[in-house]
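The values are calculated or read from the model by the stated rules, or taken from the named source; none is laboratory data. Quantities reported herein were computed from a predicted structural model and do not represent experimental measurements. As a convention, Cβ positions derive from the backbone with ideal geometry for all residues, glycine included, and neighbour counts pool all protein chains shown. These accessible areas exclude ligands, DNA and RNA; they are computed on the full protein's heavy atoms, side chains included. Shrake-Rupley method; radii C 1.70, N 1.55, O 1.52, S 1.80 Å.
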Amino acid sequence: MVHCVTLSPSIFGKRARCWLHMAQSLIGIHGNQQWTTSSNDSIRLTNDTSLIECTLGSEDDLRNISTNPLPRILSCLEKAQNLSSGSKEGKDVDADLDCFEASTLSLVYVKLELKDAAGALEKCKVILGSDNIAAVAKEDRSNYTSASLRRRAMARLYACEAFCRLGDPNSALFIMESESALQCLASDISASSSTQHDAYAQFATRATASGTFSTTGSFDRSKLHASMTTRVTENLTADKTKGNIDNVFEKRVHLFSRLKEGDTEGAIAILRSGMGRV
């Protein structure tokens with residue numbers, strides 16, 4: 001894709017989806033970096049714009065991407081947003097609303113990675129509307145495609161994380177208001193009959209709910225949702241190393257709640273258990 005854009009900037013370089021697909025590929029690279037990097041070798045995540053001053057696809061660009069792809073991801077997403085928004089150089093052009101929504105959701109993810117919770121929440125509001133963030137079960141699903149429903153559900157999960165980071169977990173609770181709301185979110189995220197997709201949707205929803213309830217001090221509800229991740233994770237992947245993520249997540253939730261409750265002996269018991277790494 002980079003080759004196409006650099007060789008034909010007047011054609012491929014003006015297609016919003018080209019920039020979106022490049023950004024999504026780089027997000028995949030970033031995700032792999034996060035997965036393969038141990039807790040002792042943290043990656044420094046910054047939006048250092050000097051890292052994108054070099055030519056797209058050059059050796060310097062590839063070197064920068066290998067250490068911190070986020071600035072180039074943001075650059076690609078901004079291009080996708082500008083080209084798909086329906087406005088170009090002050091003139092109205094045909095908008096690609098599906099591409100615009102997809103690039104906006106990707107921006108939410110990147111802003112959360114850069115610890116810009118306020119910026120992430122603003123982008124969630126672009127997707128959902130300022131007054132519609134918590135209206136999960138009440139939303140008329142016939143107005144949206146399955147892809148849009150999935151993105152809207154993911155935006156709500158990201159909004160929960162942003163609210164919690166901003167010290168407003170009660171607003172996040174409005175999204176996680178009931179079991180029916182959680183089921184709606186999981187159903188919208190899955191949007192298929194695939195067992196693996198269903199498992200991922202349940203995992204993402206329950207993990208977010210667990211984190212939200214933990215932030216508000218509702219540790220019993222937090223541990224309940226953490227335990228639910230264990231029931232679905234066997235369908236996530238055949239890779240046994242990645243398949244153990246449920247045990248790691250559940251263990252961290254229980255450890256955090258024990259420490260917050262002052263149960264030092266319980267926390268030590270968890271650390272000594274054979275559940276896997278913390």
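A few comments on the model shown:
- Test: residue in segment 76-87 that is open to solvent by 80 Å² or more (accessible area, probe 1.4 Å) and either more than 30 Å from Thr145 (Cβ to Cβ) or modelled with pLDDT under 75 (or both): no
- Residue within segment 11-28 that is in a loop (DSSP other than H, G, I, E, B), modelled with pLDDT of 85 or more and not aliphatic (A, V, I, L, M) present: yes
- Segment 135-188, residues that are over 19 Å from Ala117 (Cβ atoms) and in contact with a Ser or Thr (Cβ under 7 Å, 6 or more places away or on another chain): Ala137, Leu182, Leu185, Ala186
- In segment 156-170, the residue that is farthest from Ala204 (Cα to Cα) out of those that are under 14 Å from the mean Cα position of the chain (by Cα) and among the aliphatic types (A, V, I, L, M) is Ala162.
- Identity of the residue in segment 202-230, touching a residue at least 24 places away in the same chain (Cβ under 8 Å) and among the aliphatic types (A, V, I, L, M), that ends up farthest from Ala159 (Cα to Cα): Met228
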